[in-house]
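Peer 1: Pasting in a structure now, in structure tokens, and then I'll have a few things to ask.
Nothing in this text is a laboratory measurement; each read-out follows from the coordinates by a stated rule. This one's a predicted model, so the numbers in the text were calculated from it and none came from an experiment. In this analysis, Cβ positions are derived from the backbone assuming ideal geometry, glycine residues included, and neighbour counts consider all displayed protein chains.
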Protein chains: 2
Amino acid sequence: MKFCSACGSADIALSVPEGDHRERYVCGACKTVHYKNPLIVCGVVPVYGDKVMLCKRGIEPRYGKWTLPAGFMENKESVEEGAQRELFEESQATVTLGPLLAVLSVPYISQVHMMYVGQMSEPTYAVTPESTEINLYRESEIPWDELAFRTVKVTLEHYFACRKAGAFVVKCDSLS
Amino acid sequence: MKFCSACGSADIALSVPEGDHRERYVCGACKTVHYKNPLIVCGVVPVYGDKVMLCKRGIEPRYGKWTLPAGFMENKESVEEGAQRELFEESQATVTLGPLLAVLSVPYISQVHMMYVGQMSEPTYAVTPESTEINLYRESEIPWDELAFRTVKVTLEHYFACRKAGAFVVKCDSLS
């Protein structure tokens, strides 16, 4: 942040506002405090029978690696709506949304990943500008060494563990 | 947003960037796209024996109403760290953090409230600049008509329902 988005002044500096306890970008001219907060990434483990749908990323970061469909939650939607929107944007697939499966904080990049189970009624999907290839994988077929993000690996491992246990619980964890 | 925080230009307008599907604030001068995303509010249901701790708000909004300790998650922390930080800032209390209890989307204000159960080992707390009064309440004593936010009411109702059922599950809901 180099300029104040409220008044346009370049007199922007990090300081601790009165009554606060953290450094913020504060405008010296109009005194506006500019907050930066974590982003939510929401997504789905799309399930068809004993298989899980993965998408090969057609965009950076991690172009060419495999991922669960997920992306940044938008204003004016619920987490569940965001997860289903991201699923459709990346794969044209739809699901009946099931339980919340994982809440994974990633503090070093100030993100929280929230992943749901989703049941596909048909194996219907299509590549999109965001995904160059889409496949349904059994657990033994998952390309574990070609996954795009650690949150994807942790979510998939937890999904298969829950499926074996016959009960889905939410995994809350923080990745360092 | 009236000025670009990257270049200071006043040539800021809502438009749909190429490859996007939503209106964003885009700078006509330097082409920076400025995203706005939902905020996470994290907090705790602090439990001591059969009682729950509530705080009387000493700040706006909802000054003088009763709330569960909660507040905006900060960058570079986990949801769990944020919940415990907010608890301490508002009440000087500490807990052993228990299960995630509620994930409540509030789309009309672009917030997601994430509430945990927390066990207090001692009934130790103190008023702070944010809380003018703090009390431990049995279920029958909760000031239901004097609660600050609907998310607090929904979370407390779910907490007591889980306690009666003898099992804690995450309530995921969207408040409209």
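Peer 1: Distances in nm, one decimal, shortest first, from B:Ser9 to the same residue in every other copy, taking the label point 7 angstrom along Cα→Cβ.
Peer 2: For B:Ser9, the other copies' label points sit at 2.4 nm, shortest first.
Peer 1: OK, next. Taking Cα atoms, how many degrees apart are the long axis of helix A:79-91 and the longest axis of chain A, rounded to 10 and kept between 0 and 90?
Peer 2: Once rounded, the angle reads 60 degrees.
Peer 1: While we're looking at this one, here's another question. Might you report the magnitude of the Cβ-based charge dipole of region A:1-148 about its Cα centre, with Lys and Arg at +1 and Asp and Glu at -1, to the nearest 20 debye?
Peer 2: It comes to approximately 440 debye.
Peer 1: Region A:1-19 to region B:144-176: how many Å between their Cα centroids?
Peer 2: Between the Cα centres of region A:1-19 and region B:144-176 lies a distance of 39 Å.
Peer 1: Still on this model: Angle check, please: helix A:150-165 long axis (alpha carbons) against the longest principal axis of chain A (alpha carbons), in degrees 0 to 90, nearest 10.
Peer 2: The two axes meet at around 40 degrees.
Peer 1: When DSSP beta bridges are limited to those with both residues in region B:1-121, what percentage is antiparallel, rounded to the nearest 5? Walk me through the numbers on the way to the answer.
Peer 2: Details: 21 of 30 bridges.
Approximately 70 percent, going by the DSSP bridge assignments.
Peer 1: Can you tell me how chain A classifies by the Cα gyration tensor, rounded, prolate or oblate, using a/c under 1.5 as the rounded cut?
Peer 2: Prolate.
Peer 1: For a distance above 26 Å, tell me the whole-number percent of Cα pairs in the protein assembly as shown that qualify.
Peer 2: The answer is 55 percent, as a whole percent.
Peer 1: State, to one decimal in nm and shortest first, how far the label point of B:Arg24 sits from each corresponding label point in the other identical copies (label point: 7 angstrom along Cα-to-Cβ).
Peer 2: Distances to the matching label points in the other copies: 2.4 nm.
Peer 1: Given the rule -39500 (n - 2.57) for each run of at least 4 DSSP H residues, summed and divided by the residues of chain B, what is its mean residue ellipticity at 222 nm, to the nearest 500 deg cm²/dmol? If you can, show how the numbers build up before the last one.
Peer 2: Values: 2 runs with 29 residues, N = 176.
Helix-only estimate at 222 nm: -5500 deg cm²/dmol.
Peer 1: Within chain A, what's the longest run with no GluC sites (Glu not before Pro) in a DSSP loop and at most 11 other beta-carbon atoms within 10 Å? Give the range, please.
Peer 2: For GluC sites (Glu not before Pro) (loop position, at most 11 other Cβ atoms within 10 Å), the longest site-free span of chain A is A:24-176.
Peer 1: Take chain B, connect every pair of alpha-carbon atoms lying under 10 Å apart with a spring to form a Gaussian network, then pick out the residue of B:Cys30, B:Cys162, B:Cys55 with the largest mean-square fluctuation.
Peer 2: The residue with the greatest mean-square fluctuation here is B:Cys30.
Peer 1: While we're on this one: Which ordering of B:Leu136, A:Leu54 is given by a fewest-first count of other beta-carbon atoms within 10 Å?
Peer 2: B:Leu136, A:Leu54
Peer 1: Mind telling me which of A:Ile134, A:Ile109, A:Ile40 comes out most flexible in a GNM of chain A, alpha-carbon contacts under 10 Å?
Peer 2: Per the Cα network of chain A with a 10 Å cutoff, A:Ile109 tops the list.
Peer 1: Given labels modelled 7 Å from the Cα in the Cβ direction, how far is it in nm from B:Ser176 to A:Glu133?
Peer 2: 4.2
Peer 1: Which of A:Ser91, A:Ser15, A:Ser110 moves most in a GNM of chain A, Cα contacts under 10 Å?
Peer 2: Top of the fluctuation ranking is A:Ser15.
Peer 1: Tell me which cysteines of chain B come out unpaired when the rule is another cysteine's Cβ under 4.7 Å.
Peer 2: Singleton cysteines: B:Cys42, B:Cys55, B:Cys162, B:Cys172.
Peer 1: What is the set of long-range amide H partners of A:Val45 at a cut-off below 5 Å, with H atoms built 1.01 Å from backbone N?
Peer 2: A:Tyr116, A:Val117, A:Gly118
Peer 1: Still on this structure: Report, in debye and to the nearest 20, how large the dipole of the protein assembly as shown comes out about its Cα centre when Lys and Arg carry +1 and Asp and Glu carry -1 on their Cβ. If you can, show how the numbers build up before the last one.
Peer 2: Numbers: 36 positive and 44 negative charges, 14 e Å.
Dipole size: approximately 60 debye.
Peer 1: Moving on to the next point. Defining the label point at 7 Å along Cα→Cβ, can you sort the distances from A:Asn75 to the same site in each other copy, shortest first, in nm?
Peer 2: So the label point of A:Asn75 gives 1.9 nm to the other copies.
Peer 1: Which lysines does B:Lys31 reach when only Cα atoms under 22 Å apart count, and residues fewer than 8 places away in its own chain are ignored?
Peer 2: Correct list for B:Lys31: A:Lys2, A:Lys36, B:Lys2.
Peer 1: Let me ask something additional. As I understand it, the dipole of chain B uses +1 on the Cβ of Lys and Arg and -1 on the Cβ of Asp and Glu, about the Cα centre. Which of B:Asn37, B:His21, B:Ala6 lies farthest toward its positive end?
Peer 2: So the residue furthest toward the plus end is B:His21.
Peer 1: I need the peptides B:61-70, A:42-51 ranked by packing, meaning the mean over residues of other C-beta atoms within 10 angstrom, with the highest value on top.
Peer 2: With the highest mean Cβ count within 10 Å placed first, the list reads A:42-51, B:61-70.
Peer 1: Report the FRET efficiency, 1/(1 + (r/R0)^6), for B:Glu18 and B:Lys153, where r is their Cβ-Cβ distance and R0 is 56 Å, rounded to 0.05.
Peer 2: On the way: r = 44 Å, r/R0 = 0.78.
With R0 = 56 Å, the Cβ-Cβ based efficiency is 0.80.
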